[in-house]
There are 4 protein chains.
Amino acid sequence: MKVLLVGDIVGKTGRRMLKEALPRLREEYAIDMVVANGENAAGGNGITHEIMDDLLGSGVDVLTSGNHIFDKKEVFDFLDDVPALLRPLNLPPGTPGHGYVVTATNDIPVAVINVAGRAFMPFQYDDPLQGLDHVLSSLPSEVKVILVDFHAETTSEKIALGWYLDGRVSALVGTHTHVQTADERILPKGTAYITDLGMTGPCDSVIGVKSELVIQKMRTQMPVRFETATGPGQFGGLVVDVDPTNGKALSLHRIFYRE
Amino acid sequence: MKVLLVGDIVGKTGRRMLKEALPRLREEYAIDMVVANGENAAGGNGITHEIMDDLLGSGVDVLTSGNHIFDKKEVFDFLDDVPALLRPLNLPPGTPGHGYVVTATNDIPVAVINVAGRAFMPFQYDDPLQGLDHVLSSLPSEVKVILVDFHAETTSEKIALGWYLDGRVSALVGTHTHVQTADERILPKGTAYITDLGMTGPCDSVIGVKSELVIQKMRTQMPVRFETATGPGQFGGLVVDVDPTNGKALSLHRIFYRE
Amino acid sequence: MKVLLVGDIVGKTGRRMLKEALPRLREEYAIDMVVANGENAAGGNGITHEIMDDLLGSGVDVLTSGNHIFDKKEVFDFLDDVPALLRPLNLPPGTPGHGYVVTATNDIPVAVINVAGRAFMPFQYDDPLQGLDHVLSSLPSEVKVILVDFHAETTSEKIALGWYLDGRVSALVGTHTHVQTADERILPKGTAYITDLGMTGPCDSVIGVKSELVIQKMRTQMPVRFETATGPGQFGGLVVDVDPTNGKALSLHRIFYRE
Amino acid sequence: MKVLLVGDIVGKTGRRMLKEALPRLREEYAIDMVVANGENAAGGNGITHEIMDDLLGSGVDVLTSGNHIFDKKEVFDFLDDVPALLRPLNLPPGTPGHGYVVTATNDIPVAVINVAGRAFMPFQYDDPLQGLDHVLSSLPSEVKVILVDFHAETTSEKIALGWYLDGRVSALVGTHTHVQTADERILPKGTAYITDLGMTGPCDSVIGVKSELVIQKMRTQMPVRFETATGPGQFGGLVVDVDPTNGKALSLHRIFYRE
Ligand SMILES: [Fe+2]
Ligand SMILES: [Fe+2]
Ligand SMILES: [Fe+2]
Ligand SMILES: [Fe+2]
Ligand SMILES: [Fe+2]
Ligand SMILES: [Fe+2]
Ligand SMILES: [Fe+2]
Ligand SMILES: [Fe+2]
């Protein structure tokens, strides 16, 4: 089965890019399932019910997220009730929402897990290794296709998790840095890996924010109110072909383009 | 003129990959000049005189570096005397060595500047913007070709510096994360940009270190002595074609491959 | 001469505590001059013109600050014009306001310098050592009494600066952690030192913020909007007796009490 | 019962100061039990079996620790077997050693818990709140006297944990910053609290390290090999009188002096 994984969708431009890309990519790559990170979908910070509906209605099967998931307060009203919108797994017991979901595409069960890193992150997440070990050991044995969005800052934490999970999941894809990396590969035991899918959002920006505001903050070291950039967009994602009988990645194809 | 910029060379594998690649790439792309980051050239940490000679003798014109430049103590014996080995510019006055160099290739003057970022770095560097403004304003006006290695952790700091320098330098290339990014582009005013050139070193590793040791540290949260990985290598670099009359980037070509 | 140095004044409770304390302490210790950190004076974040006037009118001679100085936007309207309100010295050239001031008390010239640390701070400050060396070397030789507020997070950075400045300034007092330390001393060459003056503000709080909100954030790792606590207050300060003829500290007395 | 809690013992000077202080303080305050942090007891980094024996033989009943506990490799040989030497509780399952111990003094059961913070720490600890909740709920009901060493960097994390545990433990004392704070108090529900006990070690130093080396690192931003300072010492601790019938703190007395 062919899975398309999409990096952090940022604001209006990101949603537009996603909606333009999906029908085309679906046809071109015979995509069976789409997983996209929606933590910045609502104006750069968080996600609303309306935007979630829009994205799920556009063909996204599962939305993952990260440190921005709780930015829009209304998310607390529906996070528990929408299995298709994930928050990081490694939050304390009692946290609203779900860190993983088991869904099915063409009768093939698929688990999607969303987990956050600990190095240089704005929140203190629980150990991602313990969390993943626990979920992986609790999945029904018929779930062979397992997709992990690891929302983390450093390359070393992400690559190490790739090696840690090699052969245990179908794909481990990084998000959060908003820049796509060129290191996609299938690890020796069959796990598709990329350090970061990159942002789907406004390309003339600093990871989605108006460049002049980020430069102003760097130059002055004074508080600056960030605004999401407009203008032309970019799309970042990865297509992984997974063998549904054993969950191994068969091939992968990285996608990155600007308008 | 064609410049090849190479990311952090890690250990023996990195040096082997570099030396194998240079003659081939030089021919294939008609390279005029090579700049490579050597901060991890000596077994993963720092650089020795012997290794510096080996790299410069293999066709590297200028070696840049970063936070690891002072790891091998012998570097203090020669850093002042070797203009072709740079350390980050934005260190306090009195620091041994040089943060930039003006050299020439085929009678075309070329400035290479090495500067370090401040977000999440293991040392406290001075402001890179002030440092760069100062150097750029002091360069002779006949120096049109200017290449900057920005050794930094976060995507946002690197991209913001790209926009800050757009039109003022020929290329700004990131190093330090050891993972090549897929976002190379020529910015609107003519500066070639990539967030990270990626590592030239052992590809079955965590940014150069044996994977099992990094995983052990993540799993146990106990001190682990890191060792540089062996095995097959990878090469990461960027070829930029610069117009020597005005210093603008004309085209660029990203190079990444594994053995 | 007797100088009273007061730690971060937090909100309404902090201002009340300060105003109640000053007349009493002034009499008890024969205080000649008062320096207080006002970065949290306006509801916990920043300072307004009205609050600045209130504090200066209550007997504070010089207000220092820190990372919160620019939180209230109106500060940009007057920071350049009020020499008695300092912002950290080690900000880029062109930053509004002043990092130090030379004033006089009973015809004794006194320099007050405000400088920020670099370890674990929310902004990237320039090198405090270079900044201080520069200011100290530029002060007129008749300025013997020199007081430094070092706004920094870690004990090591603060203590190291104490040793660095020993004999060159009359007092180096830390601020920013909002907890008074018990390590006040006169260093061997005559500099009065304390790692942190502590907060003057609501004592039943977490460094000024309502405890339940900070606990909520720790427990949930979700964004929580912080509010300044109310209730009983505390006062934190240090009285230093300085020999005006040579600027050496003669004695010091730490003050900390809760209502 | 009277408990003496002692902050990080640093090197030879720290051990000397402790051994000189214990008999005197034991007599002066009628101490029933001594808990001391030994993470820096062996030359500044870690602890050896010999030094552990020396400290336990000198009258320390329980040794706590922190991020340096695994610095001396020999600790792995005995950490599992010595209930009186604790490592942080909130490490992954399978970590050698124990995060808490239930002992008895004069037939009064006493629990000592060692837990580490997460803000700005050199390792990634699990959630201290979950860890503490779990241990506290598992202690036998006859254990009323509960002492917690919270090894953490920031004042806010420590104070927040104080409020979180108020009424549930007899004392929460901070360690790790090596500077004693002056904020000791009994919280409203009966928990004795101090943000940091401070270092027991060489007082003319930067948190135990030779000052000139720390300054050198700050000035140069180059790697410097740290060495533990020698010279006169300081002692930092807190005496808490706990009601053994209900575990509430009755009074407390902070101790800090230099040679
Ligand atoms: Fe994001
Ligand atoms: Fe994120
Ligand atoms: Fe490197
Ligand atoms: Fe580096
Ligand atoms: Fe403050
Ligand atoms: Fe502050
Ligand atoms: Fe310590
Ligand atoms: Fe520690």
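None of the figures in this text is laboratory data; all of them are computed from the coordinates on show. Just so it is clear, the structure is predicted and the values come from calculations on it, not from any experiment. Backbone-built Cβ (ideal geometry, glycine too); neighbour counts: all protein chains shown.
What the table shows:
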quantity	calculated
Averaged over B:71-84, number of beta-carbon atoms from partner chains that fall within 10 Å	0
Kirkwood Rh, angstrom, the protein assembly as shown [1 / mean 1/r, Cα pairs]	30.2 Å
Highest to lowest packing among A:97-104, C:2-9, B:40-47, A:139-146, scored as the average C-beta count within 10 Å	C:2-9, B:40-47, A:97-104, A:139-146
Scaled radius of gyration (Cα, divided by 2.2 N^0.38 Å) that the range D:163-213 gives	1.43
Inverse of mean 1/r across different Cα pairs in the range C:160-244, Kirkwood, Å	14.7 Å
Residue-span extension gain [B:Gln216 to B:Asp107] - 0.36 nm each, minus C-alpha spacing	34.1 nm
Exercise: per-residue mean of other protein chain Cβ atoms within 10 Å, B:172-185	5
Whole-Å distance, taken between Cα centres, linking the range C:16-47 and the range A:150-173	53 Å
Computed log₁₀ I(q)/I(0) - Debye formula, equal Cα scatterers, no solvent, chain C, q 0.11, 0.16 Å⁻¹	-0.53, -1.17
Residue of B:Asp166, B:Asp133, B:Asp32 that the Gaussian network model of chain B assigns the largest fluctuation, springs spanning Cα pairs under 10 Å	B:Asp133
Ratio of Rg to Rh over the range C:82-170 (Cα coordinates, Kirkwood Rh, two decimals)	0.96
Trypsin sites (Lys or Arg not before Pro) restricted to DSSP loop in the range D:182-259 with at most 13 other C-beta within 10 Å	D:Lys189, D:Arg225
Exercise: per-residue mean of other protein chain Cβ atoms within 10 Å, C:108-121	1
Nearest residue to the symmetry axis between B and C, taken on chain B by its Cβ, in whole Å	B:Asp126, 3
Out-of-range pairs (alpha-carbon distance over 18 Å; input B:Lys12/B:Lys217; B:Lys144/B:Lys189; A:Lys210/B:Lys158; B:Lys12/B:Lys210; C:Lys248/D:Lys217; C:Lys217/D:Lys158)	B:Lys12/B:Lys217; C:Lys248/D:Lys217
Whether the range D:13-118 is rounded, prolate or oblate, judged on the alpha carbon gyration tensor where a/c under 1.5 counts as rounded	oblate
Radius 11 Å from Cβ of B:Gly66, net charge of other residues (Lys, Arg +1; Asp, Glu -1)	-4
Whole-angstrom Cα spans of the range A:120-214 along principal axes, big to small	51, 29, 22
Ranked list, fewest to most other Cβ atoms within 10 Å of each Cβ, for D:His176, A:His134, D:His253	A:His134, D:His253, D:His176
Gaussian network model of chain D, springs between alpha carbon atoms under 10 Å - residue of D:Val35, D:Val62, D:Val75 with greatest fluctuation	D:Val75
Choice from C:Gly201, C:Gly66, C:Gly131 showing the highest fluctuation, given a GNM over chain C with Cα pairs closer than 10 Å	C:Gly131
Burial ordering of C:Ser211, A:Ser251, fewest other beta-carbon atoms within 10 Å first	A:Ser251, C:Ser211
Kirkwood hydrodynamic radius of the range B:32-89, from inverse mean 1/r over distinct Cα pairs, in Å	11.0 Å
D (Stokes-Einstein, µm²/s), Kirkwood Cα radius, the range C:9-59, 0.692 mPa s at 37 °C	297 µm²/s
D:Ile159, C:Ile69, A:Ile186 arranged by Cβ crowding within 10 Å, fewest neighbours leading	A:Ile186, D:Ile159, C:Ile69
